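Novice: This is the structure I have questions about; it appears just below.
The values are calculated or read from the model by the stated rules, or taken from the named source; none is laboratory data. Bear in mind that the values here come from a model prediction, so they are computed numbers and not experimental data. A quick note on method: Cβ atoms are made from the backbone with ideal geometry, for glycine too, and the neighbour counts reach across all protein chains shown. Ligands, DNA and RNA are stripped out before the accessible areas are found, and what is left, the full protein with its side chains, is counted by its heavy atoms. Shrake-Rupley method; radii C 1.70, N 1.55, O 1.52, S 1.80 Å.
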Amino acid sequence: MTPPIVIETCAASMSYAGQTVLSGVDLRCAAGEFVSLLGPSGCGKSTLLRMAAGLEQPTSGSVRIGAGGRSLDSEGTDATSFVFQDPNLLPWRDVWHNVALPLEIEGMDRKEQRRRIADSLRLVGLHEADARKYPHALSGGMRMRASLARALVTRPSILLLDEPFAALDDMLRTQLNEELLALWQRENWTVLFVTHNIAEAVFLSNRIVVLGGKPSRCVAEIEVPLPHPRDRTLRGSAEFARLTAEVSASLFEASA
Amino acid sequence: MNDRIRHALIVSIPPLVTLLAMIVLWHLAVIVFQMPPYLVPTPKRVGVVLLQEAGPLARATWLSGRAALCGFAISLGLGTSVAIVFSQSALVRRSLYPYAIFLQTVPIVAIAPLIINWLGPGFWGVVVVSTIISLFPIVASTTAGLTTVPSGLVDLFRLHRANRIQRLFKLQLPHAVPALINGARASSGLAVVGSIVGEFFAGYSVDEPGLGMIITHSSSLLKTDLLFAAMILSALLGVMIFGTVSLLTMLTLRRWYGGVADPNA
Ligand SMILES: Nc1ncnc2c1ncn2[C@@H]1O[C@H](COP(=O)(O)OP(=O)(O)OP(=O)(O)O)[C@@H](O)[C@H]1O
Ligand SMILES: [Mg+2]
């Protein structure tokens, strides 16, 4: 049995003030897939992700998310979470209460909230002591973890991630890539991941979608048949190098 | 702890030295230029009056301070409420904001007599004058704070389908706190000005004068030493209220921003 399609855009187009950014984008993600979106800067990756999240409406075409086929505007599809490029933490709340925010909005009872928050913090590797810190007192990596914890606290099955690790150094990025991948395997999420980083895309994904052109469309789809579990030794392998080169080439074409 | 004491000394000694120098200069100027006491009294003379009239002056400071605090408190409550209304609807904001600016630009001395005519002399007339003059900074600053939430945070709330009330209380109001406090700081000084100016017109009774009334009386009687004493006390009153608000600012904001006084600035 093939897994159901949980994210689908059909001929989705987007224009801002008469300027078309995306035109006729067809994108399909099956349940449990890890798909990366690559493309030159300004090509509309964030826009596509925001459309999938329901934060923007396509000017034409349709966007569908969730197994039930409901769009995000309708009630009851809260199985989707979004991680912004910026951690977007509320500076007046400590980590614990930042993570609590989605549950508070939902109106969940306190006891259940506490359990969920503790679980979520553990999942992203934040400790008790970190949870009482305010955002200004966190390192960049910890802020990102807190932001991830907030996204996971609603127990989503679909994750939309917009360059979550772009502001981090290489070491930390590599480490968080591995942690994210391990979580993905364990939790069985569907992930749509935007990045600028080719190695990151190859390391994480089942499939890479390259956006490009003016206005942007999907110009290439590259399967990544690397076996799981993946660890950092994979990055030195010949197959990894071949895939990186292939993605790099199609990205070049897209930018031209 | 030791560091703190050193810091306190570093902060407080220079202005104290300036004060001392100014008093000495003042004293010398009066003597050298042989100024008559009804124009400029010596600092010593002012000090003597402050002691002699300590009772009535303290009473006057209390009366003016009470009216200023009352006006400030009303401004704080009313200003925040108006700002909240403004933040919920761009239409309301656009229709009413120009008239809020009126509060800022109207010369208070022009409408103070009118207010006193309406409300009669006494405490409430003074409070209303103080409120009118101190309201605008809070409205302006808080409205700005409520309506300039970073778009990423607004998206976050939309994403989780927060309703209007949740957005107001969990996002807009907390985000506006630093702006509100900045407005309150500007407004606290104005509230004192308002209560003094209000008393010019409203006064209390002659046997129960506030500082503003002492100022007008002593000036018409050429009791310049008393005038100076009242002036100094009204300045101190302003400093005290401003200082209290600033202290509260530091205490609240330190927790969020690690001591950065105004993250929005
Ligand atoms: N709200 C908006 N109003 C007008 N134009 C916009 C808006 N949002 C995005 N755009 C435009 O749409 C285009 C795509 O933006 P988008 O942020 O989706 O690009 P991106 O691929 O995510 O870029 P990057 O990799 O640099 O993050 C850009 O040219 C941008 O100027
Ligand atoms: Mg982007």
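Novice: Using a/c under 1.5 as the rounded threshold, could you call the protein assembly as shown rounded, prolate or oblate? The axes a ≥ b ≥ c are square roots of the C-alpha gyration tensor eigenvalues, and prolate needs a/b larger than b/c, oblate otherwise.
Specialist: Values: a/c = 3.21, a/b = 2.51, b/c = 1.28.
Note, shape of the protein assembly as shown comes out prolate.
Novice: Treating cross-link reach as a plain straight distance, find the lysines whose alpha-carbon is under 24 Å from the alpha-carbon of B:K44, omitting any fewer than eight places away in the same chain.
Specialist: Reachable lysines: B:K223.
Novice: What number comes out for accessible area per residue over region A:124-232 if the probe is 1.4 Å? Units Å², please.
Specialist: Per residue, region A:124-232 has 41 Å² of solvent-accessible surface.
Novice: Something else about it: Give the percent of DSSP beta bridges with both residues in the protein assembly as shown that are antiparallel, rounded to the nearest 5. Working shown, then result.
Specialist: Numbers: 19 of 37 bridges.
Just about 50 percent of them are antiparallel.
Novice: Next question. Which whole DSSP H helices in chain B pass both tests: a Cα extent of 18 Å or more along the axis and a mean Kyte-Doolittle value no lower than 0.0?
Specialist: Working: long enough: B:2-32 (44 Å, 1.47); B:54-88 (50 Å, 1.01); B:90-105 (23 Å, 0.52); B:123-147 (35 Å, 1.71); B:173-201 (39 Å, 1.03); B:224-257 (48 Å, 1.42).
Span-like helices here: B:2-32, B:54-88, B:90-105, B:123-147, B:173-201, B:224-257.
Novice: How large, in percent, is the carbon and sulfur part of the accessible surface of region B:1-129 at a probe radius of 1.4 Å?
Specialist: Details: 6300 of 8460 Å².
Solvent-exposed carbon and sulfur of region B:1-129 make up 74 percent of the total.
Novice: From other protein chains only, count the Cβ atoms within 10 Å of every residue's Cβ in A:85-91, then give the mean. Spell out each step's value before the answer.
Specialist: Numbers: counts 1, 3, 1, 8, 3, 8, 11.
Rounded to a whole number, the mean comes out at 5.
Novice: In nm, give the distance between the simple-model label positions of B:F102 and B:R254, each being 7 Å from the Cα along the Cα-to-Cβ direction.
Specialist: Here the answer is 4.3 nm between the modelled labels.
Novice: While we're here: How much mean residue ellipticity at 222 nm does chain A get from its helices, if each DSSP H run of length 4 or more adds -39500 (n - 2.57) and you divide by all residues, to the nearest 500 deg cm²/dmol? Walk me through the numbers before you get to the answer.
Specialist: Numbers: 8 runs with 95 residues, N = 256.
That calculation yields -11500 deg cm²/dmol at 222 nm.
Novice: Just add up the charged neighbours of B:V30: K/R +1, D/E -1, any other residue whose Cβ is under 11 Å from the Cβ of B:V30. Don't jump to the answer; show the numbers that get you there.
Specialist: Values: positive: B:K44, B:R45; negative: none.
After counting each charged neighbour, the total is +2.
Novice: Can you pull the mean other chain C-beta count within 10 Å for peptide B:174-182?
Specialist: Numbers: counts 4, 3, 0, 1, 2, 0, 0, 0, 0.
Average per residue, whole number: 1.
Novice: Among the lysines, select those whose C-alpha is under 17 Å from the C-alpha of A:K214, and discard any that sit fewer than 8 residues away in the same chain.
Specialist: Hits, sequence-local ones excluded: A:K45.
Novice: Only loop residues by DSSP count here, and only those with at most 13 other Cβ atoms within 10 Å; note down the chymotrypsin sites (Phe, Trp or Tyr not before Pro) in region B:14-103 that meet that. It would help to have the intermediate numbers written out before the result.
Specialist: Values: sites: B:W26, B:F33, B:Y38, B:W62, B:F72, B:F86, B:Y99, B:F102; in loops: B:F33, B:Y38.
Sites meeting the loop and neighbour criteria: B:F33, B:Y38.
Novice: Ok, one more. Give me the 1.4 Å probe accessible area per residue for region B:39-257, excluding ligands and nucleic acids, in Å². Please report the intermediate quantities before stating the final value.
Specialist: Values: 10210 Å² over 219 residues.
Using a 1.4 Å probe on heavy atoms only, each residue of region B:39-257 averages 47 Å².
Novice: So for the pair A:A129, A:D231, with labels modelled 7 Å out along Cα→Cβ, what separation do we get in nm?
Specialist: Spacing of the two 7 Å Cα→Cβ label points: 2.8 nm.
Novice: Under a crude label model (7 Å from the Cα following the beta-carbon direction), how far is A:K111 from A:A11 in nanometres?
Specialist: Roughly 5.4 nm, to one decimal.
Novice: Separate question: Treating only the Cβ of Lys, Arg, Asp and Glu as charged (+1, +1, -1, -1), what charge dipole size does chain A show about its Cα centre? Round to the nearest 20 debye.
Specialist: Details: 27 positive and 30 negative charges, 75 e Å.
Computed charge dipole of chain A: roughly 360 debye.
Novice: Go ahead and run the numbers for FRET between A:Q57 and B:R4, Cβ-Cβ distance against an R0 of 35 Å, rounding to 0.05.
Specialist: Details: r = 56 Å, r/R0 = 1.59.
Efficiency, rounded to the nearest 0.05: 0.05.
Novice: May I ask for the distance between the Cα centers of region B:39-66 and region A:215-230, given as a whole number of Å?
Specialist: 82 Å
Novice: With all protein chains present, calculate the accessible area of B:S87 using a 1.4 Å probe and round the result to the nearest 10 Å².
Specialist: 20 Å²
Novice: Still on this structure: Under a GNM of chain B (C-alpha, springs under 10 Å), which listed residue has the highest mean-square fluctuation: B:T131, B:T80, B:T244?
Specialist: Looking only at B:T131, B:T80, B:T244, the largest GNM fluctuation is found for B:T244.
Novice: Here is a follow-up. Pull out a ≥ b ≥ c, the square roots of the eigenvalues of the alpha-carbon gyration tensor of chain B, then state rounded if a/c is under 1.5, prolate if not and a/b is larger than b/c, and oblate in the remaining case. Spell out each step's value before the answer.
Specialist: Numbers: a/c = 2.97, a/b = 1.57, b/c = 1.89.
Cα axes put chain B in the oblate bin.
Novice: What does the net charge come to around A:R173 if you take all other residues with beta carbon closer than 13 Å to its beta carbon, with K and R at +1 and D and E at -1? Write down the numbers at each step before the final one.
Specialist: Details: positive: A:R145, A:R232, A:R235; negative: A:E163, A:D169, A:D170, A:E178, A:E179, A:E200.
After counting each charged neighbour, the total is -3.
Novice: Then there's this: Helix-only estimate, please: 222 nm mean residue ellipticity of chain B, summing -39500 (n - 2.57) across DSSP H runs of length 4 or more and dividing by its residues, to the nearest 500. Each step should come with its number before you reach the end.
Specialist: On the way: 11 runs with 215 residues, N = 265.
Taken over chain B, the calculation gives -28000 deg cm²/dmol.
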